[in-house]
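Take a look at the structure below.
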Amino acid sequence: MEEMIKQGNRAVRLLNLRFMLCLFVGLLAFSSCTTNRYTRLLQDRKSLPQYTQQEMQRYRIQVDDELKIKVLSLNKEALEVFNSTGIYRVYADGTIDLPFMDSIKVVGLTLEEANVVLQKELKKFIIDAEVIVALSNNYFYVFGEGSNGAIKLYKEKITIYQALAMSGGVKKIANRKNIYLMRKDEKGITQTMTFDIRPKSIIGSEYYYIQPNDIIYIPPAKGRFFRMDSLFGIIGVVTTSVSLFFLIYGLSNDK
């Protein structure tokens, strides 16, 4: 009888051991360590996408943009008229309306080009007119695995790295392989592009500089629920599994 009990205890311990091994293997299978190879930027690995270099495309005025227009002149009366509003919306037909002037088409122009056009038109009424044109809705937007919100573009050449830093950075659980960039063309049609933020070749590519009204979406990585952020996460899983095994093993031996 005593021998049968011993054999029964051995069988229980064996079952417990198999259970713990299955649990341990299962946890490791579902857990993946977020490695430096996955998160590091500016990598030269040939296995990563290689992007072609191109000149920075200057922002072109779109429908519904708001232009901040300031007129400079020695004519105080003219200044009061033209600077009283200050901000002018671009209508659906691509034009803006300045006081006492016909509609002026600005859609598709850069801010520099719009400045030249407006100054030429204003000089018909104010000989010494000087014009300063700026974009009022000068923001880009970030959401997903980063700080969400609208961020002011403080200068023209803001890189994707600067933009992400300004938004609070990219979380470790973010999918760096597929960053989404949504950008409208001058006709108001939204183009959606995806790119890998890690390769060094992104510098100088079409994804490198951020433009006003750009929307950046940072998706979560696949399997983020089970993803470990470091080696210490894996060690924690192993330690917990081993501790649980010895606890069950010890309880079975006490019987």
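The values are calculated or read from the model by the stated rules, or taken from the named source; none is laboratory data. These figures come from a predicted structure and were not determined experimentally. Using ideal geometry, Cβ is built from the backbone for each residue, glycine included, and neighbour counts are taken over all protein chains shown.
General observations
- Out of Ile189, Ile126, Ile96, Ile202, sole residue that is surrounded by fewer than 19 Cβ atoms within 10 Å (Cβ to Cβ) and among the β-branched types (Val, Ile, Thr): Ile189
- Yes/no for Tyr161 being out of contact with any helix residue (DSSP H, G or I) (no Cβ under 8 Å at 6 or more places or on another chain), in contact (Cβ under 8 Å) with a residue 12 or more places away in the chain and among the hydroxyl-bearing types (Ser, Thr, Tyr): yes
- Taking the listed residues Gln54, Gln119, the one that is surrounded by 15 or more Cβ atoms within 10 Å (Cβ to Cβ) and of a type in the set (S, T, N, Q) is Gln119, with no other qualifying.
- Look at the stretch 60-76: where a residue is closer than 16 Å to Asp214 by Cβ and a partner is of a type in the set (Asp, Glu) and in a loop (DSSP other than H, G, I, E, B), sitting 6+ places away or on another chain with Cβ atoms under 7 Å, you get Arg60/Glu186; Gln62/Glu186.
- Verdict on Ile132 being surrounded by fewer than 20 Cβ atoms within 10 Å (Cβ to Cβ), in contact with a helix residue (DSSP H, G or I) (Cβ under 9 Å, 6 or more places away or on another chain) and at pLDDT below 95: yes
- Test: residue in the stretch 73-88 that is outside any loop (DSSP other than H, G, I, E, B) and closer than 22 Å to Tyr217 by Cα: no
- Of all the residues in the stretch 174-208, those that are out of contact with any Asp or Glu (no Cβ under 8 Å at 6 or more places or on another chain), part of a loop (DSSP other than H, G, I, E, B), at pLDDT 90 or above and of a type outside the set (Val, Ile, Thr) number 7.
- Within the stretch 145-164, the set of residues being within 24 Å of Ser201 (Cα to Cα) and outside any helix (DSSP H, G or I) comprises Glu145, Gly146, Leu153, Lys155, Glu156, Lys157, Ile158, Thr159.
- Meets criteria (farther than 30 Å from Met101 by Cβ, in contact (Cβ under 8 Å) with a residue 12 or more places away in the chain and not aliphatic (A, V, I, L, M)) for Ser136: no
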